[in-house]
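One structure is given here, and the rest of the page talks about it.
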Amino acid sequence: MNLTLHVWRQPNAAAKGRMVTYQAKDINPDMSFLEMLDVVNEGLINKGEEPIAFDNDCREGICGTCGFMINGIAHGPLPKTTVCQLHMRHFKDGDELYLEPWRARAFPVVKDLVVDRSAFDRIIANGGYISISAGSAQDGNNILVPKQFADRAMDSAQCIGCGACVAACPNASAALFTGAKIHHLAMLPQGQPERKKRAVRMVAQANTELFGSCTNIGECEAVCPKGIQLEVIAAMNRDFLRATWSERREPVASD
Amino acid sequence: MQLDPRVPSGPIEKAWDNYKFEMKLVNPANKRKYNIIVVGSGLAGASAAATMAELGYNVKCFCFQDSPRRAHSIAAQGGINAAKNYQNDGDSIFRLFYDTVKGGDFRAREPNVYRLAQISVNIIDQCVAQGVPFAREYGGTLANRSFGGAQVSRTFYARGQTGQQLLLGAYQALERQVDAGKVEMIPRTEMLDLVVIDGKARGIVTRNLITGKIESHIADAVVLGTGGYGNVYYLSTNAKGSNATAIWRAYKRGALFANPCFTQIHPTCIPVSGNYQSKLTLMSESLRNDGRIWVPKKQHDKRTPAEIPEAERDYYLERRYPSFGNLVPRDVASRNAKAVCDEGRGVGESGLGVYLDFSDAIQRLGKKTIEERYGNLFEMYERITGENPYELPMRIYPAIHYTMGGLWVDYQLMSTIPGLFVIGEANFSDHGANRLGASALMQGLSDGYFVLPYTIGNYLASTKLERIDTGLPEFRAAEMGVEQMTKTLLSIRGNRTVSSFHRELGKIVWEYCGMSRTAPGLEQAIEKIASLREEFWNNVNVLGNGEEMNQSLENAGRVADFFELAELMCRDALDRNESCGGHFREEYQTPEGEALRNDANYSYVAAWEYAGQNQTPVLHKEPLTFDYVHPSQRSYK
């Protein structure tokens, strides 16, 4: 199959970007989307043109490194699928595809389709953990965790931190990402001691990073490759609200 | 050079405890005076960086990915072993130790393995306390399953994403220390050289992958947790970015490289579908718990699986290994798959595949149970192949998955360069010639949470470290070397892409130093690698410049190192005139086609010393002794 690609090219963060058109020829339907780009890039290099930069690593849909917009949809048209796991059999010969990086103020473009998602790391650094140093743990079976709680914690813990939720959100909100971690840890007895403080700190950090507010649109859930559900945002809001009247110590930054 | 593994004496059960007591401690108030560099942020690197920061050391942690959470540990699916004996099925520390030594085909160091088995129980406790959502029983206790090659249920898991959850646990612990100001996390930065001053590892030279800036960093000790070198094969289950550059450059600075030919082929991967293939995807071998492996009895049978009646199917693992059946260790399962495909009984278009069939399990347990156990794996399979494994049997084929070899370390995880520690898959230490399933996560976390934080203290407390700065000639020389290599790669402007070289190199290594090896084949491979390497340095085309993000340039440096490492792998495989674990030399097999070890002559760790560019490396041997698990031929019949 043959495709026409319009790809965002931007040499670095400071430069101005633009869409450039490329032809992807003789594409095998069993290729993954990134393998298709590999083929395009090999062709570009052989012509003496610089290849398209895109982030990728495991190519198994679990590391969260890859991701860009395909025709305006984060990770492309297949639900619950990262671009590395999206195969060309889901496209038609002659398709015209627009590839753009995640667009959000908190995710500045590094080059072409590569963005800087370090804001996510900073959100986790602000309380997205349980404070337990190596060596001080008790036996793993001492605290029983009902299966349904462990399962729900796991549902949220599956987040791969790819940033699709932010890219899809008209407000560029990180609520699904932040909520997933808050919900994961709130579901477990081990997460209780720091539960409220965690919610306040993480939400405040998301604001500081200039992610937008959540207005319950649901685009994030629709594109999430791991199927993280909107309820984590409700859970986050619940913990945040409770904490703001019972636990709040520091002011919450608004921008 | 005399290799001193510094193994403890006395009874093995007490060895680590005694050792911990004998090691020197760094006064709590002095810990903050030490700077430690950790390269890599996978299970080993992240857990080590976090734990050392908890103790009070100043840590700088580097990774080439955009975030430490991306490290390839994240892709581990099946689980992590621990000798908890929660299932009351006869497990114990000694049994885990025994299984690991035996599974490694008697090519691992006994005291290391025993320590690993001991620590396994602490890892689970630590991870549970961090909030890792392990699978649970309805009563709230931790669930276990049995896993490739084990006859007890000692594997803890979080659906099919155990590596992800353990890594996120370690990553969160790491971010907690970033928050506390004890870890400086430096992502999108690649280590390109090790700096050795007065014989001690004192720093590294890195390249910032966004700006291209070459920088020096000083330290009192350097820790490499940079993973394995499976990508030497081009097609492997490793992430695209996984590379051997850090350990290879350390090797060239004097660290010995041990057992490079011990590579593991994972039996359950999705078969190659075309020459554009960029990587192989592993399906957790936990699938072998419920799936039954078979091929048609007839050669070149082109019927669909449904059309092949029961009587014309060959469940070859169940037939040949009645007591272990589909759960034989990885190397055995892989070799058997290759054997039936070589006989012309492989399935799928390429004939390089065998069926992994769940229809019996679905009938016995119901679709819902199977979905609960393997749902995400089935989804992944369908996404990649376009086939539904609930209805059609999966097709699987072996692929390179893990490398048991790595930098040589002593019992303290220190390499032959004082102050250079190597942890996780990057070292060679615990798995011998073959790693058992669910043991990689265990080793990475054992090294990072519970071994290195003690042993590094002993090194720091007993070593006099001069004050240094990055202006020293050693740093300048290393920086210039890195800059020179970058310039050279950018100036060749030949006719072939980096990937095309990598692909060709991978084919050579897979063909001659993969699932089975022969002396003439290996000799041929060494020649082929050398000539391809020469072509690479004359004909590779790396565009762009070194002062910006340049993915071809990053890749070119890594592939350049893979060329040299591939040659060393072949030399090691050629030197080892026996078959053991993942190393199968066709000349050395039993009449039934099983691996034939030669304990009299090869019961040693082969540690190779770099002797200079284009010089034959020097082999050093660390003899192995077995006081607790007596070497026997592995039998899974």
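Working carefully through the options B:ALA573, B:ALA530, B:ALA525, B:ALA566, find the one that is at negative phi, over 24 Å from the mean Cα position of the chain (by Cα) and more than 14 Å from chain A (Cβ to nearest Cβ).
B:ALA530
Regarding B:GLU307, is this residue free of Cβ contacts under 8 Å to residues at least 24 places away in the same chain and within 11 Å of B:VAL295 (Cα to Cα)?
It is false that B:GLU307 is free of Cβ contacts under 8 Å to residues at least 24 places away in the same chain and within 11 Å of B:VAL295 (Cα to Cα).
Within region B:218-241, is even one residue of a type in the set (Lys, Arg) and in contact with a Lys or Arg (Cβ under 7 Å, 6 or more places away or on another chain)?
yes
Check B:GLY149, B:GLY199, B:GLY140 and return the single one that is away from every other protein chain (no Cβ under 12 Å), at positive phi and at pLDDT 95 or above.
B:GLY199
For residues that are more than 9 Å from chain B (Cβ to nearest Cβ) and either in contact (Cβ under 8 Å) with a residue 40 or more places away in the chain or under 29 Å from A:GLY161 (Cβ atoms) (or both), tally how many sit in region A:28-66. Step through it out loud before you land on a result.
Here is the first cut: in region A:28-66, the residues more than 9 Å from chain B (Cβ to nearest Cβ) are A:33, A:37, A:40, A:43, A:47, A:52, A:66.
If we keep only those that are either in contact (Cβ under 8 Å) with a residue 40 or more places away in the chain or under 29 Å from A:GLY161 (Cβ atoms) (or both) as well, we get A:33, A:37, A:40, A:52, A:66.
Of the residues in that region, 5 qualify.
Just checking, how many residues over region B:368-414 are aliphatic (A, V, I, L, M) and closer than 30 Å to B:GLU110 by Cα?
Of all residues in region B:368-414, those aliphatic (A, V, I, L, M) come to B:370, B:377, B:380, B:384, B:392, B:394, B:396, B:399-400, B:404, B:407, B:409, B:413-414.
Filter once more, keeping what is closer than 30 Å to B:GLU110 by Cα: B:399-400, B:404, B:407, B:409, B:413-414.
Counting residues in region B:368-414 that are aliphatic (A, V, I, L, M) and closer than 30 Å to B:GLU110 by Cα gives 7.
Is it the case that region B:252-260 has a residue that's surrounded by 24 or more Cβ atoms within 10 Å (Cβ to Cβ) and within 14 Å of chain A (Cβ to nearest Cβ)?
No, every residue in region B:252-260 fails to be surrounded by 24 or more Cβ atoms within 10 Å (Cβ to Cβ) and within 14 Å of chain A (Cβ to nearest Cβ).
Here is a check on your reading of the model: is A:LYS111 within 24 Å of B:VAL498 (Cβ to Cβ), in contact (Cβ under 8 Å) with a residue 60 or more places away in the chain, basic (Lys, Arg) and facing chain B (nearest Cβ under 9 Å)?
yes
Inspect region B:359-367 for any residue being more than 29 Å from B:ALA433 (Cα to Cα), polar (S, T, N, Q) and either within 14 Å of another protein chain (Cβ to nearest Cβ) or surrounded by 13 or more Cβ atoms within 10 Å (Cβ to Cβ) (or both) and give the result as yes or no.
Yes.
I'd like the residue in region B:152-176 that is of a type in the set (S, T, N, Q) and surrounded by 24 or more Cβ atoms within 10 Å (Cβ to Cβ) and, out of all such residues, is nearest to the other protein chains (Cβ to nearest Cβ).
B:GLN172
What number of residues in region B:544-597 are out of contact with any Ser or Thr (no Cβ under 8 Å at 6 or more places or on another chain) and assigned to a helix (DSSP H, G or I)?
So the count comes out to 17.
Within region A:10-27, track down each residue that is assigned to a loop (DSSP other than H, G, I, E, B), without any contact (Cβ under 8 Å) to a residue 60 or more places away in the chain and either hydrophobic (A, V, I, L, M, F, W, C) or crowded, with 17+ Cβ neighbours inside 10 Å (or both).
Within region A:10-27, A:ALA14, A:ALA15 meet the criteria.
Mind counting the residues in region B:73-103 that are within 11 Å of chain A (Cβ to nearest Cβ), under 18 Å from the mean Cα position of the chain (by Cα) and under 22 Å from B:PHE450 (Cβ atoms)?
Residues meeting the conditions: 3.
If I go through region A:67-84 residue by residue, how many of them are out of contact with any Cys (no Cβ under 7 Å at 6 or more places or on another chain), crowded, with 16+ Cβ neighbours inside 10 Å, more than 10 Å from every other protein chain (Cβ to nearest Cβ) and assigned to a loop (DSSP other than H, G, I, E, B)?
3
Identify, from the list B:LEU407, B:LEU352, B:LEU392, B:LEU365, the residue that is touching a strand residue (DSSP E or B) at 6+ places or on another chain (Cβ under 8 Å) and over 16 Å from B:HIS266 (Cα atoms). Steps first, answer last, please.
Numbers: B:LEU352 fails: over 16 Å from B:HIS266 (Cα atoms); B:LEU392 fails: touching a strand residue (DSSP E or B) at 6+ places or on another chain (Cβ under 8 Å); B:LEU365 fails: touching a strand residue (DSSP E or B) at 6+ places or on another chain (Cβ under 8 Å).
Of the residues listed, the single one that is touching a strand residue (DSSP E or B) at 6+ places or on another chain (Cβ under 8 Å) and over 16 Å from B:HIS266 (Cα atoms) is B:LEU407.
Please indicate, with yes or no, whether at least one residue in region B:262-277 is within 30 Å of B:LEU472 (Cβ to Cβ) and under 16 Å from the mean Cα position of the chain (by Cα).
no
Give me the pairs: first residue in region B:45-57 and farther than 17 Å from B:LEU166 by Cβ and more than 9 Å from chain A (Cβ to nearest Cβ), second residue among the basic types (Lys, Arg) and outside any loop (DSSP other than H, G, I, E, B), beta-carbon distance under 6 Å, and six or more apart or on different chains, which are they?
Every condition considered, the pairs that remain are B:GLY56/B:LYS31; B:GLY56/B:ARG32; B:TYR57/B:LYS31.
Look through B:GLY254, B:GLY241 and report the one residue that is of a type in the set (Gly, Ala, Ser), out of contact with any His (no Cβ under 9 Å at 6 or more places or on another chain) and assigned to a loop (DSSP other than H, G, I, E, B).
Step by step, each of B:GLY254, B:GLY241 is checked, and only B:GLY254 is of a type in the set (Gly, Ala, Ser), out of contact with any His (no Cβ under 9 Å at 6 or more places or on another chain) and assigned to a loop (DSSP other than H, G, I, E, B).
Being over 25 Å from A:ASP30 (Cβ atoms), within 14 Å of chain A (Cβ to nearest Cβ) and in contact (Cβ under 8 Å) with a residue 12 or more places away in the chain, is that true of even one residue in region B:372-379? I'd like the intermediate steps shown before the answer.
Let us first name the residues in region B:372-379 that are over 25 Å from A:ASP30 (Cβ atoms), namely B:372-373.
After this cut, where a residue has to be within 14 Å of chain A (Cβ to nearest Cβ) as well, the list is B:372-373.
Now restrict to residues that are in contact (Cβ under 8 Å) with a residue 12 or more places away in the chain: B:373.
Scanning region B:372-379, I find at least one residue that is over 25 Å from A:ASP30 (Cβ atoms), within 14 Å of chain A (Cβ to nearest Cβ) and in contact (Cβ under 8 Å) with a residue 12 or more places away in the chain, so the answer is yes.
For region B:314-329, check the following and say yes or no: at least one residue is within 24 Å of B:TYR233 (Cβ to Cβ), within 14 Å of another protein chain (Cβ to nearest Cβ) and β-branched (Val, Ile, Thr).
No, region B:314-329 has no match at all.
Out of B:LEU282, B:LEU287, which single residue is touching a helix residue (DSSP H, G or I) at 6+ places or on another chain (Cβ under 7 Å) and surrounded by 23 or more Cβ atoms within 10 Å (Cβ to Cβ)?
It is B:LEU287.
Table: residues versus (1) more than 10 Å from every other protein chain (Cβ to nearest Cβ); (2) on the phi > 0 side of the Ramachandran plot; (3) of a type outside the set (Phe, Trp, Tyr).
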| site | (1), (2), (3) |
| --- | --- |
| A:ASP95 | yes, no, yes |
| A:GLU100 | yes, no, yes |
| A:ARG105 | yes, no, yes |
| A:VAL115 | no, no, yes |
| A:ARG122 | no, no, yes |
| A:ASN126 | no, no, yes |
| A:TYR129 | no, no, no |
| A:GLY135 | no, yes, yes |
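Suppose we keep only residues that are among the basic types (Lys, Arg) and in a strand (DSSP E or B) within region B:202-231. Which one would you say is nearest to the other protein chains (Cβ to nearest Cβ)?
Pass one, region B:202-231, residues among the basic types (Lys, Arg): B:202, B:207, B:213.
Imposing the further condition that a residue be in a strand (DSSP E or B) reduces the set to B:202, B:207.
Numbers: B:ARG202: 26, B:ARG207: 15 Å.
Selected residue: B:ARG207.
The values are calculated or read from the model by the stated rules, or taken from the named source; none is laboratory data. As the structure is a computational prediction, the values presented were derived from the model and not from experiment. Cβ sites come from the backbone with ideal geometry, for glycine too, and all protein chains shown count toward neighbours.
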